[in-house]
Amino acid sequence: MVDRRRNGLDHLWDLLLVIGTCGATYYLARNLLSTLQGTLADPDKEKHEQARIKARANLQRLQKSREYGESDQGDSSGGARRGPRIEDLVLNEYENMVALEVVPPEDIPVGFNDIGGLDDIIEEVKESVIYPLTMPHLYSHAAPLLSAPSGVLLYGPPGCGKTMLAKAVAHESGASFINLHISTLTEKWYGDSNKLVRALFSLARKLQPAIIFIDEIDAVLGTRRSGEHEASGMVKAEFMTLWDGLTSANTQGLPARIVVLGATNRIHDIDEAILRRMPKKFPVGLPDKNQRLRILQLILKDTKIDHEYFNIDYIARVTAGMSGSDIKEACRDAAMAPIREFIREHRANGHLMSNIDPRMVRGIRTEDFFGRKGGGQILQQNHQKAKSSSDEYEDIEDESNSGARIVEE
């Protein structure tokens, strides 16, 4: 074997190899440290980026629906209803999380005409909430006395239309509607819930006129107790501070066009300070006979009826004490009765189920509401009383239904 002396070129290549290795090692180490640092600084970076993209798309849909509504209605209010353009908004990571809860009006298929029996409340909501919020120029002669209230509370028994009324407000108001879920304010990091509450009101100010809807508000803003968790108490304090604090009005002293709309069936569990911030309170109670008749007409408007054997006035009478949701379920059970009868008849005759013609199914009759034990205990009891003693039943109905009233503080 012959020894070969290393010349200068070999040393040069060795030097270049060492420099390249060191450079590659430095580049990889820097990228690794940068990635680790970013992950440690913001472990939810990917989630926040996805929220930003989705929030931007959601708000752009809101902008399109707002522009369409203005062009369709010929808005002449001088831009009072129009909020800032979405492209001009700069949102932080917490506002992006809240922006996912903004609901475009076209996503809600419920309007005021779809609600039966709440005409008085609907008119009051329009005149004292929606119009001052979206068209403040109409009330400029007495501003801020006639400005929109800071909060509105819908309360009453379950199933009487509180959430449905809130949906109709979102659909027809033209204001930005934030449907706040309890899970949105619940974060694993200490203090993030407070930042989300602050982002809720900062986003509402950017999108005003805005309505913040909280269903089952007693679960979020319930009465404060001594044994309550510290984080929960801090969220309530932050909410009340931003709701009616130093930044709740502009430099002219006019309140921000933001309304917090709450719904509950446990009004006594809501904190007194929260109730004070909701001067408008609407009791949504059980419907009276005229209201039940209107609800039945809306529910059964697209249903096949056997008019010869159907008495809607009697059904409206025997549904006393039932909520709107109960009446809908009773109509669902009654609509199933003709289908069940037709299917059993075909089975008995040995016909194939695939050959059934739905046009041959008879319409709903009055007796279909009372043929099933699962149709509702109140309905069955009222039916028995109505058959045995009409006078006795009328007295019970008058005592149990006093109609809807509007209460203000």
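The values are calculated or read from the model by the stated rules, or taken from the named source; none is laboratory data. Given the structure is predicted, the values throughout are model-derived calculations rather than measurements. FYI the Cβ positions are ideal-geometry reconstructions off the backbone, even for glycines, and counts take in every protein chain you see.
For L146, work out the one condition from (1) touching a residue at least 60 places away in the same chain (Cβ under 8 Å); (2) in contact with a Phe, Trp or Tyr (Cβ under 8 Å, 6 or more places away or on another chain); (3) within 25 Å of I274 (Cβ to Cβ) it doesn't fulfil.
In the conditions (1) touching a residue at least 60 places away in the same chain (Cβ under 8 Å); (2) in contact with a Phe, Trp or Tyr (Cβ under 8 Å, 6 or more places away or on another chain); (3) within 25 Å of I274 (Cβ to Cβ), L146 misses (1) alone.
If I go through the range 288-306 residue by residue, how many of them are surrounded by 14 or more Cβ atoms within 10 Å (Cβ to Cβ), within 26 Å of the chain's Cα centre (by Cα) and not charged (D, E, K, R)?
6
Give the number of residues within the range 297-322 that are in contact (Cβ under 8 Å) with a residue 12 or more places away in the chain and either of a type in the set (G, A, S) or not in a loop (DSSP other than H, G, I, E, B) (or both).
Initial filter on the range 297-322 (in contact (Cβ under 8 Å) with a residue 12 or more places away in the chain): 297-300, 303-307, 309-322.
Those left that are additionally either of a type in the set (G, A, S) or not in a loop (DSSP other than H, G, I, E, B) (or both): 297-299, 305, 307, 309, 312-318, 320-321.
Residues flagged as in contact (Cβ under 8 Å) with a residue 12 or more places away in the chain and either of a type in the set (G, A, S) or not in a loop (DSSP other than H, G, I, E, B) (or both) within the range 297-322 amount to 15.
Quick one: count up the residues across the range 344-355 that are surrounded by 14 or more Cβ atoms within 10 Å (Cβ to Cβ) and aliphatic (A, V, I, L, M).
0
Answer yes or no as to whether R332 is assigned by TED's automatic domain parsing to the domain that holds Y309, modelled with pLDDT of 85 or more, closer than 27 Å to M322 by Cβ and surrounded by fewer than 16 Cβ atoms within 10 Å (Cβ to Cβ).
The answer is yes for R332.
Under the condition of being over 29 Å from P157 (Cα atoms) and within 22 Å of the chain's Cα centre (by Cα), which residue from the range 239-266 is modelled with the lowest pLDDT? First the steps, then the outcome.
The first filter runs over the range 239-266 and keeps only residues over 29 Å from P157 (Cα atoms), leaving 241-242, 245-257.
With the extra rule that they be within 22 Å of the chain's Cα centre (by Cα), the set shrinks to 242, 256-257.
Details: L242: 87, A256: 75, R257: 83.
Among residues in the range 239-266 that are over 29 Å from P157 (Cα atoms) and within 22 Å of the chain's Cα centre (by Cα), the one modelled with the lowest pLDDT is A256.
From the list A219, A231, exactly one residue is aliphatic (A, V, I, L, M), over 20 Å from V110 (Cα atoms) and without any contact (Cβ under 8 Å) to a residue 40 or more places away in the chain. Which is it?
Only one candidate passes the filter, namely A219.
Taking the condition of being surrounded by 21 or more Cβ atoms within 10 Å (Cβ to Cβ), closer than 15 Å to G117 by Cα and not hydroxyl-bearing (S, T, Y), how many residues in the range 307-325 meet it?
So in the range 307-325, the residues surrounded by 21 or more Cβ atoms within 10 Å (Cβ to Cβ) come out as 315-316, 318-320, 322-324.
Cutting the leftovers down to closer than 15 Å to G117 by Cα gives us 316, 319-320, 322-324.
Now drop any that are not not hydroxyl-bearing (S, T, Y), which leaves 316, 320, 322, 324.
Number satisfying all stated conditions: 4.
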